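Engineer: What follows is a structure written as structure tokens; I'll ask about it next.
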Amino acid sequence: GAVVSQHPSWVICKSGTSVKIECRSLDFQATTMFWYRQFPKQSLMLMATSNEGSKATYEQGVEKDKFLINHASLTLSTLTVTSAHPEDSSFYICSASTGDWSYEQYFGPGTRLTVT
Amino acid sequence: GENVEQHPSTLSVQEGDSAVIKCTYSDSASNYFPWYKQELGKRPQLIIDIRSNVGEKKDQRIAVTLNKTAKHFSLHITETQPEDSAVYFCAANNDMRFGAGTRLTVKP
């Protein structure tokens, strides 16, 4: 089946620093990748939709300058949390799809970010 | 976008009983409705999905029904087992949102 990896699986960083999270589709080409954050015992909150070679589409309330998304190839998307603050601590999950949202999404294992 | 609403938020059943989780959506143009299961600390996994040209789909103990007129769809799990315990999320593609999730507990 389709496999999506994420790296790192967890990261601790100091307030004010930036952190990059990678999302890779290992055995298929992902036309679209989605980034979510998930707080404990809560649902997945869509942050942005990213299509290869174009700018990401951010959801309302998500700061594009703070959460930089790059989808440079059909197998890689990156999320960079810039100038991280403790309130950015969360579980970040990516998903990849061979089409748009009407196609099955394959989720990465997630990245737990802790900002101290 | 508008939220997909999911009920109940928690559900506890006895092993062997059935469990039903319901979701409503707002965009009548939505045509793809997946259900995901997320076990503690793991990634969501697709368990079943349905498209708007079908009213019901079944896969062993799991079924999904869709009522386009009422804009709601439901997940049905029969003969529940302890390993069905997890959080279940619904989604509707045009709403681009997941439901709030239902924590299902199956008591042995």
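The values are calculated or read from the model by the stated rules, or taken from the named source; none is laboratory data. Owing to the predicted nature of the structure, the values given are computational and were not obtained by experimental measurement. Virtual Cβ from ideal backbone geometry, glycine too; neighbours counted across all protein chains shown.
Engineer: Which number in (1) within 14 Å of chain B (Cβ to nearest Cβ); (2) part of a strand (DSSP E or B); (3) free of Cβ contacts under 8 Å to residues at least 60 places away in the same chain marks the one condition that A:N70 misses?
Structural biologist: All conditions pass for A:N70, except number (1).
Engineer: Something else: For the structure I just gave you, tell me whether B:Y32 is within 14 Å of another protein chain (Cβ to nearest Cβ), in contact (Cβ under 8 Å) with a residue 40 or more places away in the chain, among the aromatic types (F, W, Y) and over 24 Å from A:A2 (Cβ atoms).
Structural biologist: Criteria not met by B:Y32.
Engineer: Among the residues of the range A:40-55 satisfying the criterion of being of a type outside the set (A, V, I, L, M, F, W, C), buried (at least 17 other Cβ atoms within 10 Å of the Cβ) and within 11 Å of another protein chain (Cβ to nearest Cβ), which is nearest to A:T78 (Cα to Cα)?
Structural biologist: Here the answer is A:T49.
Engineer: Please indicate, with yes or no, whether at least one residue in the range A:50-70 is in contact with a Gly (Cβ under 7 Å, 6 or more places away or on another chain) and within 29 Å of B:C23 (Cβ to Cβ).
Structural biologist: No, there is no match, as no residue in the range A:50-70 is in contact with a Gly (Cβ under 7 Å, 6 or more places away or on another chain) and within 29 Å of B:C23 (Cβ to Cβ).
Engineer: Counting only residues that are within 11 Å of chain B (Cβ to nearest Cβ) and either part of a loop (DSSP other than H, G, I, E, B) or modelled with pLDDT under 90 (or both), which one in the range A:56-67 is farthest from B:Y36 (Cα to Cα)?
Structural biologist: Among them, the one singled out is A:Q60.
Engineer: If I ask for residues that are away from chain A (no Cβ under 14 Å), at negative phi, surrounded by 14 or more Cβ atoms within 10 Å (Cβ to Cβ) and not polar (S, T, N, Q), which ones from the range B:69-103 would you list?
Structural biologist: B:H72, B:F73, B:L75, B:H76, B:I77, B:D84
Engineer: Can you tell me which of (1) outside any loop (DSSP other than H, G, I, E, B); (2) at pLDDT 95 or above is the one B:N94 doesn't meet?
Structural biologist: So the condition that B:N94 fails would be (2).
Engineer: Can you confirm whether A:D27 is more than 14 Å from chain B (Cβ to nearest Cβ), in a loop (DSSP other than H, G, I, E, B) and either acidic (D, E) or within 21 Å of B:G99 (Cβ to Cβ) (or both)?
Structural biologist: Yes.
Engineer: Given the structure, is B:L40 part of a loop (DSSP other than H, G, I, E, B) and within 12 Å of chain A (Cβ to nearest Cβ)?
Structural biologist: yes
Engineer: For A:Q6, are the conditions met, namely being of a type in the set (S, T, N, Q), within 13 Å of another protein chain (Cβ to nearest Cβ) and not in a strand (DSSP E or B)?
Structural biologist: No.
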